[in-house]
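What follows is calculated from the coordinates using simple rules that are stated; it is not laboratory data. Here the structure is a predicted model, which means the values were calculated and not measured. When we count neighbours, we look across all protein chains shown, and the Cβ atoms used for this are built from the backbone with ideal geometry, even at glycine.
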Amino acid sequence: MKALEGVKILDFTHVQSGPTCTQLLAWLGADCIKVERPGVGDATRKQLVDVEGADSLYFTMLNHNKRSITLNTKNETGREVLERLVKECDVLVENFAPGALDRMGFSWERIQELNPRMIMASVKGFGPGPYEDCKVYENVAQCTGGAASTTGFLDGPPLVTGAQIGDSGTGLHLALGIVSALFQRETTGRGQKVLAAMQDGVLNLCRVKLRDQQRLQHGPLSEYRQFGQDIPFGEAVPRAGNDSGGGQPGWILKCKGWENDPDAYVYFITQAPAWKKICDVIGKPEWKDDPEYATPPARLDKLTHIFDTIEEWTKTKTKFEVMDICNPLDIPCGPILSMKEIAEEPSLRDTGTVVEVDHPERGKYLSVGCPIKMSDSAVEVERSPLLGEHTIRASGAIGEVTAQAAE
Ligand code: COA
């Protein structure tokens, strides 16, 4: 028994944002039927190809535990099959460009006519407003949701982050909306429309920066490094480099080997209760009682000097040695792990956070497993489906229509 067992999902998603959402739901037990264009499929199947003739990692890593049927929604038979699917499924998830579903003949009104219990969940780039008709990809969302303007260094251009907060982040938001709508349907008996806009999703994850925008009206942001460097603040929240996003100052510091290893760094947090231990560890016991350093407010205008001093110590240790020394003292810090290190980390394999999956076209590959661990709903990661692999079986399970005929 899985948490979402019995929930049937008509998965009209493609690329990354929507597939992230439906993959999560599939891991939690939903039966996820991915509907793809005959002969073409999700565009990511053939993007960033590393093994000729095989589905790309881009596709396989976002579409585990799903079934795939091919169906041409632009001909009559295809639409007929789709109508049956709408009647039999609980949730329709899509992330087409705005208006595409309407053009297929499946407006929200029509879907409600066909199945009043249907939950129709969409990712769009923007919510209602001036940009609602725009097509959007990850980095557009990062730029319009406040992430890019607040990421990077003060003297550099805006930066996008490697974390796919626009796509995967919004997929996560949508999944929560869908599960909540399923829960509400238990009471109302009705489905509903669920929208997660990528701009909104990114902004939600940048909440602390909107906090700082308002704090800025009451004076400089003293926990930002530039405060102690006497660099004036402008009208908007600046790029903060590696400053911590909260009230405990932090920075990324070089460790032993940094000259040759681009990831020989550690994130080091000078959490107030650990201050005295930090002073002892870095060989500055005199800072413990020096009024210039002893309290958090006194330290705020000296963060650059303080972190430079700590770095003199971290440079004498590997990032893992820093971790080994600091953790028992409750000094929060984290080594900068490369993707290679993460891929090879045994503890992540043990928990199923990194999994090895076998695929008929490409053989074994690594993927990221389900990041949510539930005691009563175990996740077994299954390979992604080949294009149309379940056309007959999936359609057989949901009705008498053979979707293949719709091609
Ligand atoms: N049978 C027939 N036609 C199909 C089909 C099927 N099974 N599945 C899709 N199509 C058609 C659609 O009807 C649409 O046709 P139309 O434009 O003639 O109405 C077309 O395929 C493609 O849809 P679209 O979404 O416009 O694809 P795109 O490749 O041009 O744009 C995005 C891609 C991601 C930019 C766009 O889908 C988008 O902005 N989505 C919302 C935001 C989002 O999720 N972005 C992040 C992606 S990671």
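Just need the relative contact order of the chain here, percent rounded to a whole number, with Cα pairs under 8 Å and 6+ apart.
20
Roughly speaking, what is the stretch gain from Lys373 to Asn260, that is 0.36 nm per residue apart minus the C-alpha to C-alpha distance, in nm to one decimal?
37.0 nm
Rounded if a/c is under 1.5, else prolate if a/b beats b/c, else oblate: with a ≥ b ≥ c from the C-alpha gyration tensor eigenvalues square-rooted, which is region 1-81?
On the way: a/c = 2.39, a/b = 1.09, b/c = 2.19.
Because a/c hits 1.5 or more and a/b fails to exceed b/c, region 1-81 counts as oblate.
For region 1-149, rounded, prolate or oblate, judged on the Cα gyration tensor with a ≥ b ≥ c (square roots of eigenvalues), a/c < 1.5 rounded, else prolate if a/b > b/c?
rounded
Per DSSP helix of 4 or more residues, -39500 (n - 2.57); summed, then divided by the residues of the chain. What does that give at 222 nm, rounded to the nearest 500?
-9000 deg cm²/dmol
How far apart, in nm, are the 7 Å Cα→Cβ label points at Leu114 and Lys302?
That separation, rounded to one decimal, is 6.8 nm.
Less than 30 Å apart at the alpha-carbon level, and either on another chain or at least 8 residues along: which lysines does that give for Lys124?
Here the lysines satisfying the reach criterion relative to Lys124 are Lys2, Lys8, Lys34, Lys46, Lys66, Lys74, Lys87, Lys135, Lys193, Lys209, Lys373.
Cross-link candidates for Lys277: which aspartates and glutamates have Cα within less than 19 Å, leaving aside residues fewer than 8 places away along the same chain?
Within the straight-line limit of under 19 Å, Lys277 reaches these aspartates and glutamates: Glu286, Asp289, Asp290, Glu292, Asp308, Glu311, Glu312, Glu321, Asp324, Asp330.
What is the distance, in nm, between label points placed 7 Å from the Cα along the Cα-to-Cβ direction at Met1 and at Asp290?
Here the modelled spin labels are 6.3 nm apart.
Mean-square fluctuation check for the chain, GNM, Cα pairs under 10 Å: which of Arg84, Arg67, Arg110 is largest?
The residue that fluctuates most here is Arg110.
When Glu83, Glu132 are ordered from fewest to most other Cβ atoms inside 10 Å of their Cβ, what list results?
The fewest-first ordering by Cβ neighbours comes to Glu132, Glu83.
Find the relative contact order for region 48-183 and round it to a whole percent, using C-alpha pairs within less than 8 Å whose residues are 6+ positions apart. Could the numbers behind the result be given before it?
Details: 117 pairs, mean separation 22.7, N = 136.
Relative CO of region 48-183 lands at 17 percent.
Could I get the Rg over Rh figure for the chain? Both from C-alpha atoms, Rh via Kirkwood, rounded to two places.
Value, to two decimals: 1.05.
Could you size up the charge dipole of region 1-152 around its Cα centre, putting +1 on the beta carbon of Lys and Arg and -1 on that of Asp and Glu, and report it in debye to the nearest 20?
100
Below 8 Å, C-alpha to C-alpha, sequence gap of six or more: please give me the relative contact order for region 190-316 in percent. Display every interim value, and only then the final one.
On the way: 120 pairs, mean separation 29.1, N = 127.
Relative CO of region 190-316 lands at 23 percent.
Measuring from centroid to centroid over Cα atoms, what is the spacing of region 37-94 and region 116-177 in Å?
About 23 Å separates the Cα centre of region 37-94 from the one of region 116-177.
Express in nm, to one decimal, how much length is gained between Ser107 and Ile342 on full extension, taking 0.36 nm for each residue of separation and deducting their alpha carbon distance.
Difference between extended and current length: 80.2 nm.
Mind sorting Glu259, Glu138 by how few other Cβ atoms lie within 10 Å of their own Cβ, fewest first?
Lowest count first: Glu259, Glu138.
With unit charges on the beta carbons (Lys and Arg positive, Asp and Glu negative) and the dipole taken about the Cα centre of the chain, which residue among Val91, Asn327, Thr351 sits farthest to the positive side?
So the residue furthest toward the plus end is Val91.
Apply the a/c threshold of 1.5 to the C-alpha gyration tensor of region 272-346 and tell me whether it is rounded, prolate or oblate.
Here region 272-346 falls in the prolate category.
To the nearest 20 debye, what is the magnitude of the charge dipole of the chain about its Cα centre, counting +1 on the Cβ of each Lys and Arg and -1 on the Cβ of each Asp and Glu?
Charge dipole of the chain: 680 debye, to the nearest 20.
What dipole magnitude, in Debye to the nearest 20, does region 158-254 give about its Cα centre under +1 on Lys/Arg Cβ and -1 on Asp/Glu Cβ?
Approximately 220 debye in magnitude.
To check you understand DSSP bridge types, tell me what percent of the beta bridges within the chain (both residues inside) are antiparallel, rounded to 5.
If we restrict to bridges inside the chain, about 40 percent are antiparallel.
Give the distance, in whole Å, between the Cα centre of region 1-21 and the Cα centre of region 221-269.
39
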